[in-house]
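Below: the structure, in structure tokens.
The values are calculated or read from the model by the stated rules, or taken from the named source; none is laboratory data. Only a predicted model underlies this, so the values are computations on that prediction, with no experimental measurement involved. Glycine gets a Cβ as well: all are built from the backbone with ideal geometry, and neighbour counts include every protein chain shown. Areas reflect the complete protein model, heavy atoms only, side chains present, ligands, DNA and RNA absent. Shrake-Rupley method; radii C 1.70, N 1.55, O 1.52, S 1.80 Å.
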Amino acid sequence: MYEDFRYTLVLAALVLTGCVRPQESSSPDGPLIIDGGTVVIMDEAGTILEGGAVLVESDRIAALLEPGAPRPDGATVIDATGHVVIPGLVNTHGHAAMSLLRGLADDMPLLTWLNDHIFPAEAALVAPDFVYWGTLLSSVEMLKGGTTTFADMYYFRDDMAQATVDAGIRAVTGPHVIGFPTPDYASPEESLADAAEFMERYQDHPTVVPAVAAHALYTTPLHAVEAAFRLAERYDAPFQIHAVEDPSENVTARELTGMGVIEALDSIGALRPGTVLAHSIYLSDEDIERIAASGAGIAHNPQSNMKLGVARAAPVAAALAAGIPVGLGTDGPASNNDLDMFDEMDAAAKVQKFMLGDPAALPAETVFRLATMGGARVLNLHHEIGSLEPGKRADIVLVDVRRPGLTPLYRVYSHLVYAARGSDVSTVIVNGRVVVRDREILTVDQDEVMERARGFGDRVREVMEDIAAARTADGTQAERQ
Ligand SMILES: [Zn+2]
């Protein structure tokens, strides 16, 4: 079976070569200036530079220029008049390839959704080409909506990483373990056996940040979670895990390990800067203290949580008060069901206010910080991304505010969090390269990506019909017996 899988990978690599026709994407040889916009720097002081410019040289921000300051000759100019210029948004949690399963099953509890729909569909369908095209589709959606970095956990790590490189988006991803056979590996041990090779290959990659993920303590034995964490630790890489999304997780963890989820992770040393605790809804005061002392961060996914009917929100305000790094995430496109980080900011602000009965909880500027610097800190990438400060990677987004829903503009953060949508983004730069211009993706052929996605949709429909028919047959047989 393992040989078959290798063969499939080689085949997929052949099929993929040349499948996506790169269009002209702009990576100017000389400096690039984004000039004349309202620049939201996201530095400690929260400075906003009205009418200023961001000077990009190669892959980094070289300088911020005041409105009247001289501009260097020979630079390529992007006119940002009528735009708010922001740091690229950071999506701290998701499963990008699941865009091909979006809308397949909704409106049911998490564990029913996973066990009766998503896991069987994935077992039948997920293969290198599925992951490649699903991730590419999501990458296009995210880039066009202003997200320049996303963290992901899914299968077929090589195909996933390749899709993000082809799309031109920054991705935090890599080896993944879960305690049952998956489409790519039969066991966590098998998944980890050649995982170091991935970590080595992407060590100095300009846009792929190698990271290790363990699905969750309710699906993965603690010793396998620990082995995955040790690999992340060896490479000083981010480590991702789902944590207390559902109240049953602490019960299961206690049965299996004698400890709650956060305590169990702490017992193996897995709480440290760069550890991403996705969801973190059912945290006790003791859990919050433990996380705060460790430097680990929380990926808060308010829309996914609300959609799955989790009857409370993650204690974000309390986590921030304790000094825990918090970022925002969409979660997978099958449990949200979009990848719009503007939408996520809006929801994050409102759900805390609603839960706490306090309109002052999580004000707009705080929420915008979560979606940028907060997310960067959660991923331990805050020295590289998350703000428009000189020296950082040039991940820059232009939001067009000459729109009916954004006119007039009094307070920038208010519009960014409560009124803007991903569709208001006009231009996106990742690592100094213009990847979206005037709302068009420049790196891949969007029509071809969608055509491929429709093809996978047909296959998904067929497989789900087969699964439903098999279930009915099993039921009939059981009744007869
Ligand atoms: Zn998730």
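Using the per-residue mean of other Cβ atoms lying within 10 Å as a proxy for protection, in what order, highest first, do the peptides 77-89, 164-176, 380-392, 100-112 fall? Walk me through the numbers on the way to the answer.
Working: 77-89: 22.5, 164-176: 25.9, 380-392: 19.2, 100-112: 15.8.
Taking the mean over residues of other Cβ atoms within 10 Å, the ranking is 164-176, 77-89, 380-392, 100-112.
In segment 337-411, which chymotrypsin sites (Phe, Trp or Tyr not before Pro) fall in coil by DSSP and have 11 or fewer other Cβ atoms within 10 Å?
Counting only loop positions with at most 11 other Cβ atoms within 10 Å, the chymotrypsin sites (Phe, Trp or Tyr not before Pro) in segment 337-411 are Tyr410.
Starting from the Kirkwood radius over alpha-carbon pairs of segment 191-274, derive D by Stokes-Einstein at 10 °C in a medium of 1.306 mPa s and give it in µm² s⁻¹.
Values: Rh = 13.4 Å.
The Stokes-Einstein estimate is 119 µm²/s.
Taking Rh as the Kirkwood radius computed over C-alpha pairs, what is the Stokes-Einstein D of segment 381-434 at 37 °C in a medium of viscosity 0.692 mPa s, expressed in µm² per second?
Working: Rh = 12.5 Å.
This corresponds to a translational diffusion coefficient of 263 µm²/s.
Across the chain, how many lysine pairs, 8 or more positions apart or on different chains, have C-alpha atoms separated by under 27 Å? Please give the number.
5
What is the distance, in nm, between label points placed 7 Å from the Cα along the Cα-to-Cβ direction at Glu286 and at Arg234?
3.3 nm
Set Lys and Arg Cβ to +1 and Asp and Glu Cβ to -1, take the dipole of the chain about its Cα centre, and tell me which of Thr257, Thr182, Ala299 lies farthest positive.
About the Cα centre, the residue reaching furthest to the positive side is Ala299.
Once you have the Cα-Cα distance between His383 and Ser423, take 0.36 nm times their residue separation minus that, and quote the gain in nm to one decimal. Display every interim value, and only then the final one.
Working: separation 40, 0.36 × 40 = 14.40 nm, distance 2.86 nm.
In short, 11.5 nm is gained.
Helix-only estimate, please: 222 nm mean residue ellipticity of the chain, summing -39500 (n - 2.57) across DSSP H runs of length 4 or more and dividing by its residues, to the nearest 500.
-11000 deg cm²/dmol
Taking the Cα centre of the chain as the origin, how large is its charge dipole in debye, to the nearest 20, when only Lys and Arg (+1) and Asp and Glu (-1) carry charge on their Cβ atoms? Please list the in-between numbers first.
Numbers: 35 positive and 68 negative charges, 163 e Å.
For the chain, the charge dipole is close to 780 debye.
If you average 1/r across every pair of different Cα atoms in segment 105-197 and take the reciprocal, what Kirkwood value do you get, in Å?
Numbers: mean 1/r = 0.0700 Å⁻¹.
For segment 105-197, the Kirkwood estimate is 14.3 Å.
Using the heavy atoms of the protein chains alone and a 1.4 angstrom probe, what is the accessible area of the chain per residue in square angstrom?
Ligands and nucleic acids excluded, the result is 39 Å² per residue.
With a sphere of radius 9 Å drawn around the Cβ of Ala97, what net charge do the other residues whose Cβ falls strictly inside it have (Lys, Arg +1; Asp, Glu -1)?
Working: positive: none; negative: Asp152, Asp159.
Spelling it out: positives minus negatives among the neighbours equals -2.
State the Kirkwood hydrodynamic radius of segment 58-167 in Å, one decimal place, computed from all pairs of distinct Cα atoms. All intermediate terms of the calculation are to be shown ahead of the outcome.
Details: mean 1/r = 0.0590 Å⁻¹.
Here the Kirkwood hydrodynamic radius works out to 17.0 Å.
Among Asn380, Leu104, Ala237, which residue has its Cα furthest toward the positive end of the charge dipole of the chain, with +1 on Lys/Arg Cβ and -1 on Asp/Glu Cβ?
Of the options given, the answer is Asn380.
How many nm separate the modelled label positions at Ser267 and Ala193, each set 7 Å beyond the Cα in the direction of the Cβ?
Placing both labels 7 Å beyond Cα along the Cβ direction yields 2.9 nm.
Against the empirical 2.2 N^0.38 Å scaling, what ratio does the C-alpha Rg of segment 404-449 come to? Write out the running numbers ahead of the final one.
On the way: Rg = 13.6 Å, N = 46, 2.2 N^0.38 = 9.4 Å.
Here the Cα radius of gyration is 1.44 times the empirical estimate.
Would you kindly state how much longer the chain becomes between Ala124 and Ala318 on full extension, computed as 0.36 nm times their sequence separation minus their alpha carbon distance, in nm to one decimal? Intermediate results must be reported in sequence, preceding the final value.
Details: separation 194, 0.36 × 194 = 69.84 nm, distance 4.15 nm.
Stretched out fully, the Ala124 to Ala318 stretch lengthens by 65.7 nm.
Along the charge dipole of the chain, pointing to its positive end and built from +1/-1 on Cβ of Lys, Arg, Asp and Glu, which listed residue (Ser267, Tyr132, Ile441) has its Cα farthest out?
The one lying farthest along the dipole's positive direction is Ile441.
Kirkwood Rh over alpha-carbon pairs of segment 310-450, then Stokes-Einstein at 37 °C and 0.692 mPa s: what D in µm² s⁻¹, rounded to an integer?
The estimated diffusion coefficient comes to 198 µm²/s.
Would you work out what percent of the accessible area of the chain, with all protein chains in place, is carbon or sulfur (probe 1.4 Å)? Working shown, then result.
Working: 9810 of 18620 Å².
Using a 1.4 Å probe with all protein chains present, the chain comes out at 53 percent carbon and sulfur.
Cα-based Rg (one decimal) and Dmax (whole number) for the chain, in Å?
22.0, 85
For an R0 of 35 angstrom, estimate the FRET efficiency from the Cβ-Cβ distance between Thr252 and Ala360 and round to the nearest 0.05. Write out the running numbers ahead of the final one.
Values: r = 37 Å, r/R0 = 1.05.
Once the sixth-power term is evaluated, E becomes 0.45.
Take each of the peptides 147-158, 464-475, average the number of other beta-carbon atoms within 10 Å over its residues, and list them starting from the highest.
On the way: 147-158: 26.9, 464-475: 11.5.
The packing order, highest mean first, is 147-158, 464-475.
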